[in-house]
């Protein structure tokens, strides 16, 4: 079950796990706070989550273009 959870988290956006790594919190507690905040604020954290996910993907693309591998040259 842990392997499935790892694959699922690594293939999805991973915003909560990335924030957890940076702030030294568990990703599950950040997800719970996100869910609670979404209920109390009528879904506005969903917009923040999507912006963060978009930003993480853009950073990944920029890094890949700045440091191409041997096969991409």
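The values are calculated or read from the model by the stated rules, or taken from the named source; none is laboratory data. All values reported here derive from a predicted model rather than from experimental measurement. Glycine gets a Cβ as well: all are built from the backbone with ideal geometry, and neighbour counts include every protein chain shown.
Things worth noting here:
- Residues of the range 34-47 satisfying the condition of being under 16 Å from residue 20 (Cα atoms) and without any contact (Cβ under 8 Å) to a residue 12 or more places away in the chain: 35
- Qualifying residue in the range 56-70 (condition: touching a residue at least 24 places away in the same chain (Cβ under 8 Å) and assigned to a helix (DSSP H, G or I)): yes
Table: residues versus (1) surrounded by 10 or more Cβ atoms within 10 Å (Cβ to Cβ); (2) modelled with pLDDT under 80.
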{"site": "1", "(1), (2)": "no, yes"}
{"site": "32", "(1), (2)": "yes, no"}
{"site": "35", "(1), (2)": "yes, no"}
{"site": "41", "(1), (2)": "yes, no"}
{"site": "48", "(1), (2)": "yes, no"}
{"site": "57", "(1), (2)": "yes, no"}
{"site": "64", "(1), (2)": "yes, yes"}
